[in-house]
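S.K.: Once you've had a glance at the structure underneath, I'll fire off some questions.
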Amino acid sequence: MKTFNQLSDERQAKAVEKCLTNLLEGIVLGEIRFNDKLNHDDLQARIDKACARAENMQTPWFAHEYILKTCREDLEAIARGTAEGALYPDPGEQVITGV
């Protein structure tokens, strides 16, 4: 197993991108929400506004694009934190999940 810092720059970038994609999917599906009051920011309000814009434009399938347009920096930081906390198997290593 490797940690994030042991990965090449290219693999680190791919790991962050994968985490960002998963995060966006959860946000768009309504599985992930942020508490603006608790976090002392307006991230969820900006996400809600971006989703409303997509709905108003009758293009809900572009919601993730609207979200990234206004929240990219915040979401990339969250995705990077997730990627940094993960372990990465080497070829041939078996990963057991759900235990």
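Please treat every number below as a calculation from the coordinates, not as lab data. Here the structure is a predicted model, which means the values were calculated and not measured.
S.K.: By how many nm would the segment from R33 to V95 grow when fully extended, if each residue of separation counts as 0.36 nm and the alpha-carbon distance is taken off? Walk me through the numbers on the way to the answer.
M.R.: Numbers: separation 62, 0.36 × 62 = 22.32 nm, distance 2.89 nm.
Result: 19.4 nm gained on full extension.
S.K.: If N is the number of residues in region 2-88, what value comes out of its Cα radius of gyration divided by 2.2 N^0.38 Å? List each step's numbers first, then the result.
M.R.: Working: Rg = 14.2 Å, N = 87, 2.2 N^0.38 = 12.0 Å.
After normalising by residue count via 2.2 N^0.38 Å, the value is 1.18.
S.K.: Still on this structure, I have one more. Among all lysine pairs in region 2-88 that are eight or more places apart or on different chains, how many have alpha carbons less than 23 angstrom apart? All intermediate terms of the calculation are to be shown ahead of the outcome.
M.R.: On the way: K2/K14; K2/K18; K14/K69; K18/K69; K37/K49; K37/K69; K49/K69.
Close lysine pairs found across region 2-88: 7.
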